[in-house]
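Student: So that we are looking at the same thing, I have put the structure below in structure tokens.
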Amino acid sequence: MNKVEKIAVSGMTGTVFMTLFSKVLSAVKSEDFSEPKHLATMLHRLIPGTSTQFNRVAGWSAHFAVGLGFTAAYVELWEKGKIKPSLQNSLLLGTVSGLLAVAIWKLTFKIHPLPPWINYNKYYIQLVPAHVIFSLFAALAYRLLQAQTLQTGE
């Protein structure tokens with residue numbers, strides 16, 4: 001399996017589980033932590049008249065694109081032997097990624113003329129564990145792909 005395929009599978013896996021975490025936490029906390037929904041809302045408010053369907057697809061696409069970007073960085077580190085895709089390193093990568101995500105979201109909400117009406121502090125706090133979940137599942141998928149590659153000799 002080539003690097004692009006590893007990034008795609010690992011990134012999609014991490015993003016799906018992160019999004020599930022955010023959805024469950026939203027229900028538990030009665031808050032809206034849906035990253036794709038907030039992206040869709042901001043896009044709609046920037047470009048009024050776009051369809052709900054377009055905004056949803058664009059929000060989800062942007063969310064997955066960012067996940068693939070984070071994963072590309074992870075895979076680069078893993079394949080160059082800088083770090084291993086271990087539990088401990090996933091916790092570290094997830095925490096760093098989460099803190100970076102908080103900074104990016106804060107900037108995005110600050111510069112957007114009509115950001116979503118949410119509790120920003122709660123949203124920022126949940127981003128760190130959400131990214132730890134992302135990192136853990138991206139690493140798990142990567143390790144499974146590596147094991148499969150070794151087993152099949154691809």
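Throughout, read-outs are computed from the coordinates displayed, never taken from laboratory work. These numbers were taken from a predicted model, which means no experiment stands behind them. Heads up, the Cβs are rebuilt from the backbone with ideal geometry, glycines too, and the neighbour counts pull from every protein chain shown.
Student: For region 63-106: of the residues being touching a helix residue (DSSP H, G or I) at 6+ places or on another chain (Cβ under 6 Å) and assigned to a loop (DSSP other than H, G, I, E, B), which is surrounded by the fewest Cβ atoms within 10 Å (Cβ to Cβ)?
Tutor: Ile83
Student: Cβ contacts < 7 Å: first residue touching a residue at least 40 places away in the same chain (Cβ under 8 Å), restricted to region 40-64; second residue part of a helix (DSSP H, G or I) and of a type outside the set (S, T, N, Q), any location; separation 6+ or different chain. Result?
Tutor: His63/Glu35; His63/Pro36; His63/Leu39; Phe64/Met12
Student: Can you find a residue that is touching a Phe, Trp or Tyr at 6+ places or on another chain (Cβ under 9 Å), of a type outside the set (A, V, I, L, M), crowded, with 19+ Cβ neighbours inside 10 Å and free of Cβ contacts under 8 Å to residues at least 60 places away in the same chain anywhere in region 20-34?
Tutor: no
Student: While we're on this one: Going through region 107-132 one residue at a time, which ones are surrounded by fewer than 15 Cβ atoms within 10 Å (Cβ to Cβ) and among the polar types (S, T, N, Q)?
Tutor: Across region 107-132, the qualifying residues are Thr108, Asn119, Asn121.
Student: Moving on to the next point. Looking only at region 1-41, which residues are of a type in the set (A, V, I, L, M) and either under 11 Å from Gly67 (Cβ atoms) or assigned to a loop (DSSP other than H, G, I, E, B) (or both)? It would help to see each step written out before you state the result.
Tutor: So in region 1-41, the residues of a type in the set (A, V, I, L, M) come out as 1, 4, 7-9, 12, 16, 18, 20, 24-25, 27-28, 39-40.
Once the filter is applied, which keeps residues that are of a type in the set (A, V, I, L, M) and either under 11 Å from Gly67 (Cβ atoms) or assigned to a loop (DSSP other than H, G, I, E, B) (or both), region 1-41 yields Met1, Ile7, Ala8, Met12, Val16, Met18.
Student: Ok, one more. When you go through Gly81, Gly14 one by one, which is the residue that is under 30 Å from Ala147 (Cα atoms) and in contact (Cβ under 8 Å) with a residue 60 or more places away in the chain?
Tutor: Numbers: Gly81 fails: in contact (Cβ under 8 Å) with a residue 60 or more places away in the chain.
Only one candidate qualifies: Gly14.
Student: I'm trying to understand the selection: among the residues of region 131-154, which are of a type in the set (A, V, I, L, M) and without any contact (Cβ under 8 Å) to a residue 12 or more places away in the chain?
Tutor: Leu144, Ala147, Leu150 - these are the residues of region 131-154 that are of a type in the set (A, V, I, L, M) and without any contact (Cβ under 8 Å) to a residue 12 or more places away in the chain.
Student: Continuing with this model, one more query. Which of the residues spanning region 124-140 are over 19 Å from Ser86 (Cβ atoms) and not hydrophobic (A, V, I, L, M, F, W, C)?
Tutor: Tyr124, Gln126
Student: Among all residue pairs at least 6 apart or on different chains, which show Cβ distances below 9 Å where the first residue, located in region 102-130, is over 16 Å from Ser22 (Cα atoms) and free of Cβ contacts under 8 Å to residues at least 12 places away in the same chain and the second is of a type in the set (A, V, I, L, M, F, W, C) and in a loop (DSSP other than H, G, I, E, B)?
Tutor: Phe109/Ile118
Student: Determine whether region 47-57 contains at least one residue that is touching a Ser or Thr at 6+ places or on another chain (Cβ under 9 Å) and not in a helix (DSSP H, G or I).
Tutor: no
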